[in-house]
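Before any comments, here is the structure.
The values are calculated or read from the model by the stated rules, or taken from the named source; none is laboratory data. Here the structure is a predicted model, which means the values were calculated and not measured. Using ideal geometry, Cβ is built from the backbone for each residue, glycine included, and neighbour counts are taken over all protein chains shown.
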């Protein structure tokens, strides 16, 4: 099989529900498009949701770094080219480039885990599958995804309770809702004047329906850090860093 057959290209329309008040695609919608492309590609390669479900396994996105030149406008469409690029310990790596109006505007690198649905422990499969190795040297972003940690006093803390519109089929907070929570901490004036240039996310612990959370924001010039805490368990569920 040629290397090109391990690259999926998929186009997503930008509808009005994906756009914010500036008519730009919401970052959560853009990441959702990327996740949908990744899931379809896994299905095409025979390692998707249905195949793993039969073994009591599942995929989970663990972390990613996204670099942006701009956020596309509505109406329009986003084309994503994505490919797997090998493993790093337990993590399955996947990259993508994103295009708008014929021009590349973003790149993303991500790390995924296969986990046992009952035990929640990671599993290692497919180490010898050719699709894992053929494009291991093709990088959309040629750097590792950092492990985030923040010190000091938060500039802002916001409380949330996980409700119906926040959860997925497993009664867990959906991937994109973490990002919505982050951007909901800003006032409209800040969002009007600032567009993200880079975003790194670490998903650490799952969040369940009914969980009561506090999201701390840390500011260091143009770099803002975020840490989501489960108040009852006093654990960190999520960290993110945005550069404006």
Complete set of residues in the range 156-174 that are closer than 17 Å to residue 201 by Cβ and either outside any loop (DSSP other than H, G, I, E, B) or assigned by TED's automatic domain parsing to the domain that holds residue 59 (or both): 160, 166, 172, 173
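Determine if the range 108-124 includes at least one residue that is farther than 19 Å from residue 57 by Cβ, in the same structural domain as residue 64 (by TED's automatic domain parsing), crowded, with 16+ Cβ neighbours inside 10 Å and in contact (Cβ under 8 Å) with a residue 12 or more places away in the chain. First the steps, then the outcome.
If we filter the range 108-124 for residues that are farther than 19 Å from residue 57 by Cβ, which is where we start, we get 108-109.
With the extra rule that they be in the same structural domain as residue 64 (by TED's automatic domain parsing), the set shrinks to 108-109.
Filter again for crowded, with 16+ Cβ neighbours inside 10 Å, leaving 108-109.
After this cut, where a residue has to be in contact (Cβ under 8 Å) with a residue 12 or more places away in the chain as well, the list is 108-109.
Yes: the range 108-124 contains one or more residues that are farther than 19 Å from residue 57 by Cβ, in the same structural domain as residue 64 (by TED's automatic domain parsing), crowded, with 16+ Cβ neighbours inside 10 Å and in contact (Cβ under 8 Å) with a residue 12 or more places away in the chain.
Being surrounded by 19 or more Cβ atoms within 10 Å (Cβ to Cβ), outside the structural domain of residue 207 (by TED's automatic domain parsing) and in contact with a helix residue (DSSP H, G or I) (Cβ under 9 Å, 6 or more places away or on another chain) is the requirement here; does residue 94 meet it? Walk me through how you get there before you give the answer.
Numbers: surrounded by 19 or more Cβ atoms within 10 Å (Cβ to Cβ): yes; outside the structural domain of residue 207 (by TED's automatic domain parsing): yes; in contact with a helix residue (DSSP H, G or I) (Cβ under 9 Å, 6 or more places away or on another chain): yes.
Yes, satisfied.
Take the range 82-107 and flag every residue that is on the phi > 0 side of the Ramachandran plot and without any contact (Cβ under 8 Å) to a residue 40 or more places away in the chain.
At the first step, the residues of the range 82-107 found to be on the phi > 0 side of the Ramachandran plot are 86, 89, 101-102.
Residues satisfying the conditions are 89, 101, 102.
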Counted residues, the range 5-33 - those being part of a helix (DSSP H, G or I) and out of contact with any strand residue (DSSP E or B) (no Cβ under 6 Å at 6 or more places or on another chain): 9
Selection count, the range 34-47, where residues are assigned to a helix (DSSP H, G or I), under 16 Å from residue 95 (Cα atoms) and more than 10 Å from the chain's Cα centre (by Cα): 7
Tally of residues being closer than 22 Å to residue 107 by Cα, assigned to a loop (DSSP other than H, G, I, E, B) and either in contact with a strand residue (DSSP E or B) (Cβ under 8 Å, 6 or more places away or on another chain) or assigned by TED's automatic domain parsing to the domain that holds residue 21 (or both) across the range 175-209: 3
Where a residue in the range 31-53 is without any contact (Cβ under 8 Å) to a residue 24 or more places away in the chain and its partner, wherever it lies, is part of a helix (DSSP H, G or I), with Cβ under 6 Å and at least six apart: 48/42
Selection from the range 125-156 of residues that are surrounded by 12 or more Cβ atoms within 10 Å (Cβ to Cβ) and more than 29 Å from residue 79 (Cβ to Cβ): 125, 148, 150, 154, 155, 156
